[in-house]
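Colleague: Handing you a structure now.
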Amino acid sequence: MNSSDPSLKTSVWRAPGMPALLSLTAAGFAGFAALLPMAPLWAVRGGADEAGSGLVNGALLLATVLTQGFVPRVLKRLGTGRVLASGLFLLGAPSLLMLISDQLGWILALSLIRGVGFGILTVTGSAAVAHLVAPARHGAAIGAYGAAIAVPQLLLLPAGPWLADTLGFWTVFTLGTLPLLGIVAAPRLALSLREREVQQARRGLVPAVEDPDHQTSTVAPRRWIPGLPDGLLRPMTLLLAVTLAGGALITFAPQMSSSSGGTTGGLALLTATAAVSRSGVGALADRYGTTSFLWPLVLLTVIGLAMAASAVKDPDSTQVPLFLLAMAMIGIAYGGLQNLTLLLSLSVVRPAQYGTASAVWNMGFDAGTGVGSVLVGALAASFSFPTALLVTAGISLATLPLALRRRPEAPWS
């Protein structure tokens, strides 16, 4: 750790480049959250059935995941400013075009375009966090970045249906253009990233190699997947398991709960606790390492899923207090593991590979969310929601050995 690094001398919220990153991230995710539940509902209004409406966000996430793998190479060729501005434009501009038609084909086409923009935003944002602050403060910076993501979702995910019913869909689609406001911050972020690179070059800074628990290591990296540092498999697997659980509950809570109030309260608790956990755990991990928090959060996911399964075992009478407690517990794990797995991903690669680590992490997040919806839906259709939740708990439990491992798998030297 280099004490002359200016990013160590100020709050991560005010570190050069962070205000620009946080503002454009909040704008981008506000537009994303506003349409997440409403674009499928707009398709239903146009005559789509449940399967058709389900394709809307499926198309969005498919385009997102396919895009994320290409973003690091595009960033190297075109630069952060132009790529990020393009992503924000692609995410926000199609929103008002939804008003042209409520037919499924039109909505799917716009969702694919928005997915490309979202893929650019997610990879570029999480890679920028790693470059703007010293590695010793990555956890706190990821927490601030997570807050910029979580707060807009906390506000706008539940507000969309109310706004559409009260004022009309045009209000939701107008909110969906908020990413366009973030474009003005993209050049400032790009300038800060260039200045940071120059400062590090002048100091001759060579980052120390530390594992997630602050233990210096010189083990050479292995490659189980060509071009992918093996150390990224551990955080990606942990992330897949928890996002599988979170994605399933966000998608199916209204169907598995017999209480509309319990469903609303449960989703609000999951979102709120995830926001608090994601923003708060990073600073603690900077001080105490990640392993101290990984395994308790994995166990919390398992216990929460088991409690949720028990709460909804009677399809006609949900045990609301138990369901609310389960959703809060899963929310804590859902937010905390998002932060910690990104921190782990950054800790096992060189700074030049932060873009790759960011892409892998984001692909794991979105893939886990999508798989959770498909897997739990299929199991619930064949058996029941409690059975589906218990299977999901078993998958999470299987990742516990990875959470307990202290030695990094692929540190760089």
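The values are calculated or read from the model by the stated rules, or taken from the named source; none is laboratory data. What you see is a predicted model, and the numbers here were worked out from it, not measured in a lab. Virtual Cβ from ideal backbone geometry, glycine too; neighbours counted across all protein chains shown. Side chains included, ligands, DNA and RNA excluded: accessible areas come from the protein's heavy atoms. Shrake-Rupley method; radii C 1.70, N 1.55, O 1.52, S 1.80 Å.
Colleague: Under the 0.36 nm per residue contour assumption, what length would be gained going from the current alpha-carbon distance of ARG287 and LEU96 to full extension? Don't jump to the answer; show the numbers that get you there.
Modeller: Numbers: separation 191, 0.36 × 191 = 68.76 nm, distance 4.52 nm.
Contour length minus Cα-Cα distance gives 64.2 nm.
Colleague: I would also like to ask the following. Could you give each residue of region 150-167 its phi-based ³J(HN,Hα) in whole Hz, using Karplus coefficients 6.51, -1.76, 1.60 with θ = phi - 60°, and x for Gly or Pro?
Modeller: 6, 4, x, 5, 4, 7, 9, 4, x, 7, x, x, 5, 5, 5, 6, 8, 10
Colleague: While we're looking at this one, here's another question. Using each residue's phi in region 100-113, evaluate 6.51 cos²θ - 1.76 cosθ + 1.60 at θ = phi - 60° and report the 3J(HN,Hα) Karplus result to the nearest Hz, with x for Gly and Pro.
Modeller: Rounded to whole hertz, the list is 5, 7, 9, 7, 4, x, 5, 5, 5, 4, 5, 5, 5, 5.
Colleague: Next up: Any chance you could run the full-extension gain for PHE383 through LEU322? It's 0.36 nm times the residue separation minus the Cα-Cα distance, nm to one decimal. Write down the numbers at each step before the final one.
Modeller: Details: separation 61, 0.36 × 61 = 21.96 nm, distance 2.19 nm.
Full extension of this stretch gives 19.8 nm more.
Colleague: Please give the length that would be gained between VAL44 and PHE70 if that part of the chain were fully extended, namely 0.36 nm times their separation in residues minus their C-alpha to C-alpha distance (nm, one decimal).
Modeller: Details: separation 26, 0.36 × 26 = 9.36 nm, distance 3.27 nm.
Taking 0.36 nm per residue and subtracting the Cα distance, the gain is 6.1 nm.
Colleague: Kindly express, to the nearest 10 degrees and within the range 0 to 90, the angle between helix 186-203's C-alpha long axis and the longest C-alpha principal axis of the chain.
Modeller: So the inclination is approximately 30 degrees.
Colleague: Determine the share of region 24-107's accessible area contributed by carbon and sulfur atoms, expressed in whole percent, with a 1.4 angstrom probe.
Modeller: Details: 2480 of 3660 Å².
Accessible surface attributable to carbon and sulfur in region 24-107 totals 68 percent.
Colleague: Please report the projected area of region 16-118's Cα convex hull averaged over all directions, in nm². Walk me through the numbers before you get to the answer.
Modeller: Working: hull surface 26.4 nm².
Mean projected area of the Cα convex hull: 6.6 nm².
Colleague: Something else about it: What does the convex hull of the alpha-carbon atoms of region 228-387 project to on average, in nm²?
Modeller: Numbers: hull surface 36.2 nm².
Here the figure is 9.1 nm², rounded to one decimal.
Colleague: Using only Cα atoms, what is the ratio of the radius of gyration of region 319-413 to 2.2 N^0.38 Å? Write out the running numbers ahead of the final one.
Modeller: Numbers: Rg = 16.3 Å, N = 95, 2.2 N^0.38 = 12.4 Å.
Dividing the Cα radius of gyration by 2.2 N^0.38 Å gives 1.31.
Colleague: Using helices alone, what [θ] at 222 nm do you get for the chain, with -39,500 (n - 2.57) per DSSP H run of 4 or more residues, divided over all residues and rounded to the nearest 500? Mind dumping the intermediate values first?
Modeller: Details: 17 runs with 303 residues, N = 413.
-25000 deg cm²/dmol, from helical runs alone.
Colleague: Next up: As an exercise, use a Förster radius of 45 Å and the Cβ-Cβ distance of SER258 and ARG14 to find the FRET efficiency, rounded to the nearest 0.05.
Modeller: Values: r = 48 Å, r/R0 = 1.06.
Working from the Cβ atoms, E equals 0.40.
Colleague: To continue, here is another question. Carbon and sulfur together cover what percent of the accessible area of region 284-395 at a 1.4 Å probe radius? Show your work: numbers first, answer last.
Modeller: Values: 2780 of 3910 Å².
Within region 284-395, the accessible surface is 71 percent carbon and sulfur.
Colleague: Which whole-number percent gives the relative contact order of region 273-393, counting Cα pairs below 8 Å spaced six or more residues apart?
Modeller: Worked out over region 273-393, it gives 35 percent.
Colleague: Leaving ligands, DNA and RNA out of it, work out the accessible area of SER86 with a 1.4 Å probe and give it in Å² to the nearest 10.
Modeller: 60 Å²
Colleague: Mind putting a number on the dipole of the chain about its Cα centre? Charges go on the C-beta only, +1 for Lys and Arg and -1 for Asp and Glu, and I need it in Debye to the nearest 20.
Modeller: Details: 24 positive and 16 negative charges, 296 e Å.
Dipole magnitude for the chain comes out near 1420 debye.
Colleague: For region 49-98, restrict the atom set to alpha-carbon positions and state the Rg and Dmax in Å.
Modeller: Cα radius of gyration and Dmax of region 49-98 are 13.7, 43 Å respectively.
Colleague: How big is D, in µm² s⁻¹, for the chain by Stokes-Einstein at 25 °C and 0.890 mPa s if Rh is the Kirkwood radius over C-alpha pairs?
Modeller: D = 114 µm²/s.
Colleague: Got a sec to turn the phi values of region 298-306 into Karplus ³J(HN,Hα) couplings, 6.51 cos²θ - 1.76 cosθ + 1.60 with θ = phi - 60°, whole Hz, x for Gly and Pro?
Modeller: Per residue, the Karplus-derived 3J(HN,Hα) values read 5, 4, 5, 4, 4, 5, x, 5, 5 Hz.
Colleague: With +1 assigned to the C-beta of every Lys and Arg and -1 to the C-beta of every Asp and Glu, and no other charges, what is the dipole magnitude of region 271-413 about the Cα centre in debye, to the nearest 20?
Modeller: Computed about the Cα centre, the dipole is about 460 debye.
Colleague: If you don't mind, another one. Per the Kirkwood formula on distinct C-alpha pairs, the Rh of region 303-369 is how many angstrom? Please report the intermediate quantities before stating the final value.
Modeller: Numbers: mean 1/r = 0.0717 Å⁻¹.
About 13.9 Å for region 303-369.
Colleague: Here is a further query. Considering only protein heavy atoms, what is the solvent-accessible area of LEU97 at a probe of 1.4 Å, reported in Å² to the nearest 10?
Modeller: Its heavy atoms expose roughly 80 Å² to the probe.
Colleague: Shifting gears a bit: Over the chain, with the other protein chains present, what is the accessible area per residue in square angstrom, probe 1.4 angstrom? Walk me through the numbers before you get to the answer.
Modeller: Values: 16890 Å² over 413 residues.
Ligands and nucleic acids excluded, the result is 41 Å² per residue.
Colleague: Would you work out the charge dipole size for region 1-130 about its Cα centre, treating the Cβ of every Lys and Arg as +1 and the Cβ of every Asp and Glu as -1, and quote it to the nearest 20 debye?
Modeller: On the way: 8 positive and 4 negative charges, 117 e Å.
About 560 debye.
Colleague: Could you give the distance between the Cα centres of region 343-377 and region 11-51, to the whole Å?
Modeller: Result: 19 Å between the Cα centres.
Colleague: Find the relative contact order for the chain and round it to a whole percent, using C-alpha pairs within less than 8 Å whose residues are 6+ positions apart. Mind showing how you got there, number by number?
Modeller: On the way: 752 pairs, mean separation 98.2, N = 413.
Relative contact order for the chain comes out at 24 percent.
Colleague: As I understand it, the value is the acute angle between the Cα axis of helix 320-347 and the longest principal axis of the Cα atoms of the chain; what does it come to in degrees, rounded to 10?
Modeller: 30 degrees
Colleague: Any idea which of ALA352, TRP42, VAL129 is furthest toward the positive side of the dipole for the chain, if Lys and Arg beta-carbons carry +1 and Asp and Glu beta-carbons -1?
Modeller: Farthest towards the positive pole: ALA352.
Colleague: By how many degrees, 0 to 90 and rounded to 10, does the Cα axis of helix 18-35 deviate from the longest principal axis of the chain?
Modeller: In the chain, helix 18-35 runs at an angle near 20 degrees to the longest axis.
Colleague: Summarise the long-distance tail of P(r) for region 88-181 by giving the % of C-alpha pairs beyond 23 Å. Display every interim value, and only then the final one.
Modeller: Values: 1572 of 4371 pairs.
Of all Cα-Cα distances in region 88-181, 36 percent exceed 23 Å.
Colleague: Compute the FRET efficiency between GLN103 and VAL198 as 1/(1 + (r/R0)^6), taking r as their Cβ-Cβ distance and R0 = 56 Å, and round to the nearest 0.05.
Modeller: Values: r = 51 Å, r/R0 = 0.91.
That pair, GLN103 with VAL198, gives E of 0.65.
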